[in-house]
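Scroll down for the structure; my scribbles are underneath it.
The values are calculated or read from the model by the stated rules, or taken from the named source; none is laboratory data. Values in this document were obtained by computation on a predicted structure and should not be read as measured data. In this analysis, Cβ positions are derived from the backbone assuming ideal geometry, glycine residues included, and neighbour counts consider all displayed protein chains.
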Amino acid sequence: MYSGSGFSDWEIGDITVILNKGIYHLFHLIIPNHDYIAHAVSTDGISWRRVNNALFVGHPGEWDDDMLWTMHVVEVNDTFEMYYTGLQRKDRGVVSRIGFAESNDLINWTKNRKSIFPIEPKGIFYETSKTNPRTWLSFRDPFRFEYKGEVYLLVATRTIAGPVSRRGCVGMVKITNDVFELMPPLLYPMMYDDIECPCVFELNGRFYLLGSIREDIKVRYWFAPDFFGEYHSFNADVILPQGNYAARTVQDGTHLLVFNFFYAYGKINALRVLPPPKELGTDAEGRLLLKSYYRWQEMVQQTIAQPYFTTVKKILGNPTASCIIEADKWLCGARSGYEIFCFEKPVENFIWEGILTVEGMGKFGLVSDIDADGNGYFISFDMMNGLVKIRTWGFNPLNTRENFIFHDIQSGVFKTNEKKSFHFVLIRYGNYIELSIDGVVKLTLMDYTFSGNLIGLYSASSFICLQGSTVKTLPKTEGEYASQEETQKLTD
């Protein structure tokens, strides 16, 4: 993971990632100054180190002399191109335009205005600086995409008409021989103020469009049979749950990865972190699926089977609770009230998986980072409605009138079955938490509240069976604050 924090903890802004010669290159904004585009590198997509900054704001009087916003980096004919957003001081920073830079090595970048940059809207399809009821202009977050030999830029912009808070669309610019043509929106759902950081890709015969939504800080998606086709939504259109933002994809061999940054504690001015990537796939109906990163299994150091877990403890001492430990399964439950059944995690970082089956209509779930008093993370499963939630729950010593912590920090939906049984995978790596249900990632977040040494199950008027469980140990994490290293070390 990578935070890149300096004077403030929320310095990471929108991102782009490109994979070149086995090295992942991350480019991101610096918040709140927006005065340069930072560059970090990684060999595994999880731990990063900073190298030379890629691009800086222009000199006074230049079109990008105020701020730099979202960028996209691509390889084209053995060179690298960066399309980026710039703001100008004379506009008081309220007009965004699209600029261009190029590099031979991803390290040294040169701005090039050619004959068309910066690109801005002309009022045909999109708001301009003069036709703009918000008084600030969105024409930003470029994403370069080639389709049938033609080059297009997707842009976060707004239609020229419609309800002011619903004009957000994915605009499109066609570039041919250094001439640009504004085209109608690729997507205009008539729902959101902006659709930020648009990203399009083809997967299993369909085109998918990702967009980050400021209204609820989630990443949603749309699909079409063709790049220029009519884009639709499924009834569940969230691909990355709340707190995840600015998603961009990168092809890693046979794996289509999605990277994003995360707002810790659900606040935009709190710590921002780059979590590990996930993978994208589809189900039989063409719905996007979020899968766990393939490199987790490459990192496993030891696998501990369920019979060799440490002793199970009842944290709360509920007299109606029981736990029967057999060679191949655990049967835990509480007839009345609540109970937490825990065992010591063998290492700080782990992958815990197994098959959970529940009986009865009561509550149940997983717990992680629990201490001796039952403070920690609680992951609840609603088998009637297919809802999973993670919350921080415990004692709050800082407020005697509200001496508890109880915050739902993320939720997701999952498909239930008549057997009330599913396979779970819980990853805890540093401050990263990821939960998969039947092979699909449902929770993915960063949190810094608890760090107890117990994991396990909880029950409230339910009985749970845990079978086929293993704990896989992972190595220690590197610090989230990425070190600055000389660029030469990257190219040696």
TODO: Would you check which residues across the range 466-476 are crowded, with 19+ Cβ neighbours inside 10 Å and under 24 Å from residue 332 (Cα atoms) and list them?
DONE: 466, 469, 471, 472
Task: Scan of the range 298-321 for residues that are touching a strand residue (DSSP E or B) at 6+ places or on another chain (Cβ under 8 Å), free of Cβ contacts under 8 Å to residues at least 60 places away in the same chain and more than 30 Å from residue 336 (Cα to Cα), ordered by number - done: none
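Going through 387, 435, 398 one at a time, which residue ends up being at pLDDT 95 or above and not charged (D, E, K, R)?
Numbers: 387 fails: at pLDDT 95 or above; 398 fails: at pLDDT 95 or above.
Selected residue: 435, the only one of 387, 435, 398 that is at pLDDT 95 or above and not charged (D, E, K, R).
Here is a yes/no grid of residues against (1) under 20 Å from residue 444 (Cβ atoms); (2) in contact (Cβ under 8 Å) with a residue 60 or more places away in the chain; (3) not small (Gly, Ala, Ser):
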residue	(1), (2), (3)
207	no, no, yes
210	yes, no, yes
213	yes, no, yes
232	no, no, yes
236	yes, yes, no
244	yes, yes, yes
273	yes, yes, yes
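Does the range 160-172 include one or more residues that are within 23 Å of residue 96 (Cα to Cα) and of a type in the set (D, E, K, R)? Spell out the reasoning first.
At the first step, the residues of the range 160-172 found to be within 23 Å of residue 96 (Cα to Cα) are 160-172.
Retained after the next criterion (residues that are of a type in the set (D, E, K, R)): 166-167.
Within the range 160-172, one or more residues are within 23 Å of residue 96 (Cα to Cα) and of a type in the set (D, E, K, R).
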TODO: Scan 55, 29, 68 and give me the residue that is in the same structural domain as residue 123 (by TED's automatic domain parsing), closer than 30 Å to residue 349 by Cβ and in a strand (DSSP E or B).
DONE: 29
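So how many residues does the range 416-429 have that are at pLDDT 90 or above and either on the phi < 0 side of the Ramachandran plot or crowded, with 20+ Cβ neighbours inside 10 Å (or both)? It would help to see each step written out before you state the result.
Of all residues in the range 416-429, those at pLDDT 90 or above come to 420-429.
Filter once more, keeping what is either on the phi < 0 side of the Ramachandran plot or crowded, with 20+ Cβ neighbours inside 10 Å (or both): 421-429.
Going through the range 416-429 one residue at a time, the tally reaches 9.
Determine whether the range 247-258 contains at least one residue that is in contact with a His (Cβ under 7 Å, 6 or more places away or on another chain) and without any contact (Cβ under 8 Å) to a residue 40 or more places away in the chain. Full working, then the answer.
Kept after step one, since they are in contact with a His (Cβ under 7 Å, 6 or more places away or on another chain), are these residues of the range 247-258: none.
No, there is no match, as no residue in the range 247-258 is in contact with a His (Cβ under 7 Å, 6 or more places away or on another chain) and without any contact (Cβ under 8 Å) to a residue 40 or more places away in the chain.
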Open item on the list: Quick check on this structure: which one of 347, 273, 258, 358 is outside the structural domain of residue 16 (by TED's automatic domain parsing), buried (at least 21 other Cβ atoms within 10 Å of the Cβ) and not aromatic (Phe, Trp, Tyr)?
Closed with: 358
- [ ] Given the conditions (1) surrounded by fewer than 21 Cβ atoms within 10 Å (Cβ to Cβ); (2) at pLDDT below 90; (3) of a type outside the set (Gly, Ala, Ser), report the number of the one that residue 137 does not fulfil.
- [x] (1)
Open item on the list: Only one of 8, 47 is at pLDDT below 95 and touching an Asp or Glu at 6+ places or on another chain (Cβ under 7 Å). Can you tell me which?
Closed with: 47
Task: Lone qualifier among 339, 326 - being out of contact with any His (no Cβ under 6 Å at 6 or more places or on another chain), charged (D, E, K, R) and exposed (fewer than 14 other Cβ atoms within 10 Å of the Cβ) - done: 326
Open item on the list: Only one of 406, 378 is more than 23 Å from residue 235 (Cα to Cα), touching a residue at least 40 places away in the same chain (Cβ under 8 Å) and either surrounded by fewer than 11 Cβ atoms within 10 Å (Cβ to Cβ) or out of contact with any Cys (no Cβ under 8 Å at 6 or more places or on another chain) (or both). Can you tell me which?
Closed with: 378
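Could you pull out the residue among 367, 388 that is over 16 Å from residue 465 (Cβ atoms), free of Cβ contacts under 8 Å to residues at least 60 places away in the same chain and assigned to a strand (DSSP E or B)?
Values: 367 fails: free of Cβ contacts under 8 Å to residues at least 60 places away in the same chain.
On inspection, the qualifying residue turns out to be 388.
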Open item on the list: On the basis of being assigned to a strand (DSSP E or B), closer than 22 Å to residue 306 by Cα and touching a helix residue (DSSP H, G or I) at 6+ places or on another chain (Cβ under 7 Å), does residue 351 make the cut?
Closed with: yes
Task: Matching residues, the range 174-220, being within 25 Å of residue 161 (Cβ to Cβ), within 20 Å of the chain's Cα centre (by Cα), acidic (Asp, Glu) and assigned to a strand (DSSP E or B) - done: 196
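So in the range 11-33, with the set limited to residues that are in contact with a strand residue (DSSP E or B) (Cβ under 8 Å, 6 or more places away or on another chain) and at pLDDT below 90, which one is surrounded by the most Cβ atoms within 10 Å (Cβ to Cβ)?
Filtering the range 11-33 down to residues in contact with a strand residue (DSSP E or B) (Cβ under 8 Å, 6 or more places away or on another chain) leaves 11-20, 23-31, 33.
When the remaining residues are screened for being at pLDDT below 90, the result is 11-13, 30-31, 33.
Values: 11: 19, 12: 26, 13: 23, 30: 19, 31: 17, 33: 14.
Checking each candidate, the answer is 12.
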